[in-house]
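Chemist: Sharing a structure here in structure tokens format.
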Amino acid sequence: MSAVTDPLWRIAAARRMLHREGLDSQVGGHVSLRVLGEDAYWVTPFQYFDETLPEHVSKVGFDLTVLEPGTLPASPGINFHSSVYQARPDVNCVIHTHAFNMSVLSTTGAPFDLFYTYASLFHGDVGYFADDPGRTPDDEGDAIVESLGGGRVVLMSHHGSVHAGATLEQVTAEAIIFELCCRYQVAAMAIGGKPLDPRIAGPYREAYLRSGFREQIWDANMRRLRRSDPDLFDLLD
């Protein structure tokens, strides 16, 4: 099931996974995937994540020209996807979500920390960003790129997060894991819990990466989707 190659179908599957793991964003939030060999990416529209079908996804150039429209228009506010893809050639997928726990954590001013072993996957890779309504869309894109640096996550104050990485499968799994880690952190901070010693983050991280943990999460969620979202799988028959 993880071998499905149609990028639009995989994007729809990713959105539904995110929804079912509590990472919906009402009709906001975006999932995008670089079109290899082109200055363009596939990107999703305004809609609830569990509504997404392949036909809804549009191809957009780095200059925001719509090259192949979906049956629903691409979301506005996607400038920063273009900015990330141009600044980071190693990034092939960008996900922006307003998930509950990460959004709550972003209001505290506390940095993301090692309150759960899975958090070791992001140790040293989380940047921070505050919205500024006075910024132009291009300036916002540049600011998000600066916050991201060479990392994989930007936690957006009072807003949500941006996730970036090499594959749709990995970034989807990381968004799910990050939200779970934020849930643990918010709960632990409320009772005076203390984070793990950062010296153990490296060994944990290497173990998770070596085991293919992110890919296993994608595959497991794909199996669950086959049961919960038959309308999506009907499109493969």
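Chemist: Would you point out which residue out of Ile200, Ile191, Ile144, Ile177 is at pLDDT below 95 and not small (Gly, Ala, Ser)?
Modeler: Checking each option against the conditions leaves just Ile200.
Chemist: Taking segment 25-46 as the region of interest, how many residues are more than 19 Å from Leu64 (Cβ to Cβ) and touching a residue at least 60 places away in the same chain (Cβ under 8 Å)?
Modeler: 2
Chemist: Output the qualifying pairs, or none if there are none: Cβ atoms under 7 angstrom, residues six or more apart or on different chains, first residue in segment 180-195 and closer than 12 Å to Val104 by Cα, second residue β-branched (Val, Ile, Thr) and loosely packed, with under 15 Cβ neighbours inside 10 Å.
Modeler: Val186/Val104
Chemist: If I filter segment 90-120 down to residues being more than 14 Å from the chain's Cα centre (by Cα), buried (at least 16 other Cβ atoms within 10 Å of the Cβ) and hydroxyl-bearing (Ser, Thr, Tyr), which single residue comes out as nearest to Val162 (Cα to Cα)?
Modeler: Checked segment 90-120; the qualifying residue nearest to Val162 (Cα to Cα) is Ser106.
Chemist: Can I ask one more? If I ask for residues that are basic (Lys, Arg) and either touching a residue at least 60 places away in the same chain (Cβ under 8 Å) or closer than 17 Å to Asp113 by Cα (or both), which ones from segment 197-213 would you list?
Modeler: Arg199, Arg205
Yes/no per residue for (1) among the small types (Gly, Ala, Ser); (2) exposed (fewer than 13 other Cβ atoms within 10 Å of the Cβ); (3) closer than 22 Å to Gly165 by Cβ:
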site	(1), (2), (3)
Cys182	no, no, yes
Ala187	yes, no, no
Lys194	no, yes, no
Ala201	yes, no, yes
Tyr204	no, no, yes
Glu215	no, no, yes
Met222	no, no, yes
Leu232	no, no, no
Leu235	no, no, no
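Chemist: Report yes if some residue within segment 87-97 is out of contact with any strand residue (DSSP E or B) (no Cβ under 7 Å at 6 or more places or on another chain) and more than 24 Å from Glu179 (Cα to Cα); otherwise report no.
Modeler: yes
The values are calculated or read from the model by the stated rules, or taken from the named source; none is laboratory data. The model shown is predicted, which means the values in this text are computed figures rather than measured ones. Heads up, the Cβs are rebuilt from the backbone with ideal geometry, glycines too, and the neighbour counts pull from every protein chain shown.
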